[in-house]
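Some notes on the structure that comes next.
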Amino acid sequence: MSEALIPVQSAQWQDLVECVLNSLASPHSRRAYRRALEDFEDWLRGEEDRRVLKPTLLRYRRSLQDRGCAPSTVNVRLSAVRRLIMEAADAKLVASDIAVAAVRAKGVPIRGSRTGHWLSAEQVRSVLKRPDTETLMGKRDLAMLAMLFSAGLRRSELCSITLDMLQLFDARWVVANLQGKGNRLRTVPLPLWAKQMIDEWVTAAAITSGPILRRIGKSGRVGPGLSPQTVLDVLSGYADQCGFVARPHDCRRTFAALAHKGGARLEQVQRTLGHASLTTTEIYLGLALDLDDAPCDHLPFAPDR
């Protein structure tokens, strides 16, 4: 075997993939890297030259761009392949100097930052009015939406909340000991109206412990916890009924922006969201581009019309 050849479609390849995935703490990263490595494997099988050289990664990068992949997608997939190559070097399947040269293949520059998608307060109200609270599923969905919009939770965090995590601190209901990105723990305050919606669902579903949000079978039986995909599907369905598009992370951005606009302090928004960097929170707030108080509004030379 060539010292620059990774054995595609072999037990060794699968071992390398598992080593890469096991090195990642986040389930989201593991899913993204698994997809990336599956894509790279499919692409590599169609190549005549399968040696792991720098030109190989550059050709793969070009193929991703030709397929119309966004720069961020290209860079994530290249990052996964770089890890695979270094694991191959550790396993003596690829010479170290060849691996080091290969992983130096650069990604795609990302110019500027994405603006993101925020909902208006009126759009939030319209979504919250959609669930039929006369039904068990409607009560569950309303509790889900209430937590999404009032606490800025990631959908994976939402699905992980158990009944014992709802605690009363200083006359304020909170989600305590919530484990978020990077395994960081935080406490997230809840408004009283959201807690009341949660109580109505929990009481109706007779939940006494375990996950708050549960599946509901066709017979109306309450089952195990929800998946993040279900959160996406439920929110998207109600937003579609209202005539616009919304995703769970839009709720997170919307929570941050509306709370800050309503007077919440920036550092408190940061702590609620669980951001390690204040810069990340500012991006969620859209502070880099304030459309309500834009620089062009302060220009002294507007002509009279």
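A few comments on the model shown:
- Any chance residue 70 is of a type in the set (A, V, I, L, M) and under 20 Å from residue 16 (Cβ atoms): no
- Selection from region 240-286 of residues that are small (Gly, Ala, Ser), in contact with a helix residue (DSSP H, G or I) (Cβ under 6 Å, 6 or more places away or on another chain) and within 17 Å of residue 155 (Cβ to Cβ): 246, 256
- All positions within region 38-62 that are more than 14 Å from residue 105 (Cα to Cα) and either in a helix (DSSP H, G or I) or aromatic (Phe, Trp, Tyr) (or both): 38, 39, 40, 41, 42, 43, 44, 45
- In region 193-210 there is at least one residue matching the filter, namely being touching a Gly at 6+ places or on another chain (Cβ under 8 Å) and modelled with pLDDT of 90 or more.
Conditions (1) within 28 Å of residue 121 (Cα to Cα); (2) surrounded by 17 or more Cβ atoms within 10 Å (Cβ to Cβ); (3) touching a residue at least 12 places away in the same chain (Cβ under 8 Å), marked per residue:
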position: 150; (1), (2), (3): yes, yes, yes
position: 157; (1), (2), (3): yes, yes, yes
position: 172; (1), (2), (3): yes, no, yes
position: 202; (1), (2), (3): yes, yes, yes
position: 206; (1), (2), (3): no, no, yes
position: 213; (1), (2), (3): yes, yes, yes
position: 219; (1), (2), (3): no, no, no
position: 226; (1), (2), (3): yes, yes, yes
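- From the list 87, 122, 134, the one residue that fits, being more than 21 Å from the chain's Cα centre (by Cα), among the charged types (D, E, K, R) and over 24 Å from residue 198 (Cα atoms), is 87.
- Test: residue in region 76-95 that is without any contact (Cβ under 8 Å) to a residue 12 or more places away in the chain, crowded, with 17+ Cβ neighbours inside 10 Å and in a helix (DSSP H, G or I): yes
- Residues that are among the charged types (D, E, K, R) and assigned to a loop (DSSP other than H, G, I, E, B), drawn from region 113-169: 114, 129, 130, 132, 134, 154
The values are calculated or read from the model by the stated rules, or taken from the named source; none is laboratory data. Note that this is a predicted model, so its numbers are computed, not measured. Note: ideal-geometry Cβ built from the backbone for every residue, glycine included; neighbour counts use all protein chains shown.
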